[in-house]
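Asks: Just passing along the structure, written as structure tokens.
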Amino acid sequence: MEYRKLSIYNTLTRSKEIFKSIHSDSVGLYVCGPTVYSNVHLGNCRTFVSFDLMFRYLLHLGYKVRYVRNITDAGHLEGDRDEGDDKFAKKAKLEQLEPMEIVQKYTLGFHHVLELFNTLPPSIEPTATGHICEQIEMIKVIVDNGYAYEKDGSVYFDVEKYTKKYNYGELTNRKLEDLLVNTRELGGQNEKKGRLDFALWIHAKPEHIMRWPSPWGWGFPGWHIECSAMSKKYLGEQFDIHGGGMDLQATHHTNEIAQSIACHGTGPARYWVHSNMLTVNGTRMSKSAGNGFLPLELFSGNHPLLERAYTPMSVRFFMMQTHYRSTLDFSNEALKASEKGYRRLMNAVSLLDNLKISSHTDFDISVSIERCYAAMNDDFNSSILIAELFEWVRIINTINDGKASIDETNFKLLNTSMKSFVFDVLGLLQESDNSETLNRVMNFVIDMRKKAKSEKNYATADYIRDALQDIGIQIKDGKDDVTWNLV
Ligand code: AMP
Ligand code: ZN
């Protein structure tokens, strides 16, 4: 089987395409990062965990991946508009901090949370404020090429001019007339020639703290140009994959494409990949809707909508169980079910190290390995991969119970494939539920139960077994031994 026959759903062509990288063994991947003016909520994390899965799988396939994920630390205005409050300045006033203190505080928080989710760090994490020169240079070229104009110290992209030659609504397959109908009259329109024009550079008043000198006077860059400038700097004029949440398609990514084409004649990426939203009771989780859980609230159980705490790995597993292009609805029930699934999977992984090997085999593992690759090669379908891994869980448990056998060849395949899919591709970790302390406590409890039984105090022995069951620990009485596992 050709393990590298990966197909990816490309938003640009609205179809699944066989992935072919520009340079044979390397992949350039750009993902829009967070705007660090507040804590990331669970929805934001879903997007970054989805792209972590893709990054991991590309690495697993042997590609050398340069993964660039930016930090938006300037230029993002309220409501994603070209006018109005700067998100950082507003928060800085509110928290009585410098805007850069806000940036530092929430960047550290973002890194901490993503580390708890066991995501791999990107290869480069550039900031918008660190690339003002590159953004100015790009805007200058767009102006020189005739696709942008200056008005009162701000520079706007001329969408009407662009549409004379190119298709502005290409990414989301929308016609210009429809776009115009759907665009509200917003502030700042007086300065713009056309209603769809957007800011590349925004004039800043003297009281604005985060501002820089430019050929058009003091100001700051628009939100969209930062990604165009930074992706170009680190990945080139055209690279392989550009990603982000689906909510970024219509404006941010549409504008990124227009800027790159207006600057150097090509769109930035060959494959545009968009992950779907995390919802709560069907409503998209967002800061403005006020339904945003913070991951740390989830891990501590400290939120009115949470029945209890959930561990980072059961939440990661919850995300992996749904394909990245489907919506994922948050509920206590769904998380509890995922926690059970995660524990069952991890329990089977830990049984692998002591599994009995026979000369006879009841299983041919190679066929099911192919099914795992087929799942991941079909647009990173981790949901089907996990269903396949549960078939391995069943096999491992059957062998462990002495009801079936596996030979050395098949065991080696099972052992390495299970561990690499679980740890390297899905990015799961064994959580410390099985920690040394828990082991010791369990040995003690099992001894107490043995003692009760030897004194014919069966009521106490049953009570201990049932109470553990309620906590989620199952005791099994073997012929010579008592074993336990998390259920
Ligand atoms: P922001 O910090 O608002 O720029 O968002 C960072 C990333 O999170 C973007 O890629 C968004 O598309 C993504 N995002 C925002 N809300 C959600 C959500 N409810 N579910 C999944 N991704 C989201
Ligand atoms: Zn971006």
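The values are calculated or read from the model by the stated rules, or taken from the named source; none is laboratory data. Note that the structure is a prediction, hence the values are computed from the model and not measured. Don't worry about glycine lacking a Cβ; one is built from the backbone with ideal geometry, like all the others, and counts go over all protein chains shown. Calculation scope for accessible area: heavy atoms of the full protein, side chains included, ligands and nucleic acids excluded. Shrake-Rupley method; radii C 1.70, N 1.55, O 1.52, S 1.80 Å.
Asks: So which helices (runs of 4 or more DSSP H) stay within segment 111-191 end to end and still have 1 or more residues that are closer than 30 Å to Ser38 by Cα, in the same structural domain as Ile71 (by TED's automatic domain parsing) and modelled with pLDDT of 95 or more?
Replies: Filter on segment 111-191 gives 132-144.
Asks: It is to be established whether one or more residues within segment 76-91 are among the basic types (Lys, Arg), touching an Asp or Glu at 6+ places or on another chain (Cβ under 9 Å) and more than 13 Å from ligand 1 (Cβ to nearest atom).
Replies: Yes, some residue in segment 76-91 is among the basic types (Lys, Arg), touching an Asp or Glu at 6+ places or on another chain (Cβ under 9 Å) and more than 13 Å from ligand 1 (Cβ to nearest atom).
Asks: Right, next: When Ile399 is evaluated against the numbered criteria (1) more than 22 Å from Gln321 (Cβ to Cβ); (2) open to solvent by 40 Å² or more (accessible area, probe 1.4 Å), which criterion, by number, is the only one it fails?
Replies: Just one mismatch for Ile399, condition (2).
Asks: Tell me which residues, restricted to segment 57-106, are open to solvent by less than 20 Å² (accessible area, probe 1.4 Å) and in a helix (DSSP H, G or I).
Replies: Tyr57, Leu58, Phe88, Ala92, Pro99, Ile102, Val103, Tyr106
Asks: From the list Glu237, Glu297, exactly one residue is more than 27 Å from Glu78 (Cβ to Cβ) and either within 16 Å of ligand 1 (Cβ to nearest atom) or touching a helix residue (DSSP H, G or I) at 6+ places or on another chain (Cβ under 7 Å) (or both). Which is it?
Replies: Residue meeting the stated conditions: Glu237.
Asks: Continuing with the same structure: Take the residues in segment 269-289 that are of a type in the set (S, T, N, Q) and more than 16 Å from ligand 2 (Cβ to nearest atom); name whichever of them is nearest to Glu333 (Cα to Cα).
Replies: Ranking the candidates gives Asn281 first.
Asks: Name the single residue, out of those in segment 204-218 being touching a Phe, Trp or Tyr at 6+ places or on another chain (Cβ under 8 Å) and modelled with pLDDT under 95, that is least open to solvent (accessible area, probe 1.4 Å).
Replies: Ala204
Asks: Mind checking whether some residue in segment 273-280 is more than 15 Å from the chain's Cα centre (by Cα) and of a type in the set (A, V, I, L, M, F, W, C)?
Replies: Yes, because at least one residue in segment 273-280 is more than 15 Å from the chain's Cα centre (by Cα) and of a type in the set (A, V, I, L, M, F, W, C).
Asks: Working only within segment 226-248, note down all residues that are open to solvent by 10 Å² or more (accessible area, probe 1.4 Å), away from ligand 2 (no atom under 11 Å from the Cβ) and within 19 Å of the chain's Cα centre (by Cα).
Replies: If the condition is that a residue be open to solvent by 10 Å² or more (accessible area, probe 1.4 Å), away from ligand 2 (no atom under 11 Å from the Cβ) and within 19 Å of the chain's Cα centre (by Cα), then Met246, Asp247 are the ones that fit.
Asks: Enumerate the helices (runs of 4 or more DSSP H) found wholly within segment 394-487, keeping only those where 2 or more residues are free of Cβ contacts under 8 Å to residues at least 12 places away in the same chain and not assigned by TED's automatic domain parsing to the domain that holds Met319.
Replies: Helices (runs of 4 or more DSSP H) meeting the threshold: 436-454, 458-471.
Asks: Take the residues of segment 18-47 that are in contact with a Ser or Thr (Cβ under 6 Å, 6 or more places away or on another chain) and open to solvent by 10 Å² or more (accessible area, probe 1.4 Å): which is farthest from ligand 1 (Cβ to nearest atom)?
Replies: Out of the qualifying residues, it is Ile18.
Asks: Tell me yes or no: at least one residue of segment 140-149 is surrounded by 15 or more Cβ atoms within 10 Å (Cβ to Cβ), among the hydrophobic types (A, V, I, L, M, F, W, C) and closer than 23 Å to Arg69 by Cβ.
Replies: There is no residue in segment 140-149 that is surrounded by 15 or more Cβ atoms within 10 Å (Cβ to Cβ), among the hydrophobic types (A, V, I, L, M, F, W, C) and closer than 23 Å to Arg69 by Cβ.
Asks: Checking Asp52 against (1) within 15 Å of the chain's Cα centre (by Cα); (2) within 16 Å of ligand 2 (Cβ to nearest atom), which single condition isn't satisfied?
Replies: Of (1) within 15 Å of the chain's Cα centre (by Cα); (2) within 16 Å of ligand 2 (Cβ to nearest atom), only one is false for Asp52: (2).
Asks: So which residues in segment 353-382 are open to solvent by 40 Å² or more (accessible area, probe 1.4 Å), assigned to a helix (DSSP H, G or I) and of a type outside the set (A, V, I, L, M, F, W, C), if there are any at all?
Replies: Once the filter is applied, which keeps residues that are open to solvent by 40 Å² or more (accessible area, probe 1.4 Å), assigned to a helix (DSSP H, G or I) and of a type outside the set (A, V, I, L, M, F, W, C), segment 353-382 yields Asp353, Asn354, Ser366, Glu370, Arg371.
Asks: Which pairs turn up if I take residues in segment 58-74 that are among the small types (Gly, Ala, Ser) and look for partners that are part of a loop (DSSP other than H, G, I, E, B) and within 16 Å of ligand 2 (Cβ to nearest atom) with beta carbon separation below 8 Å, at least 6 apart in sequence or on another chain?
Replies: Ala74/Ala128
Asks: Here is a further query. What number of residues within segment 9-35 satisfy the criterion of being within 16 Å of the chain's Cα centre (by Cα) and either outside any strand (DSSP E or B) or away from ligand 2 (no atom under 16 Å from the Cβ) (or both)?
Replies: Of the residues in that region, 3 qualify.
Asks: Here is a follow-up. Since Ser338 meets every condition but one in (1) without any contact (Cβ under 8 Å) to a residue 40 or more places away in the chain; (2) open to solvent by 20 Å² or more (accessible area, probe 1.4 Å), which condition does it not meet?
Replies: Here Ser338 meets the rest and fails (2).
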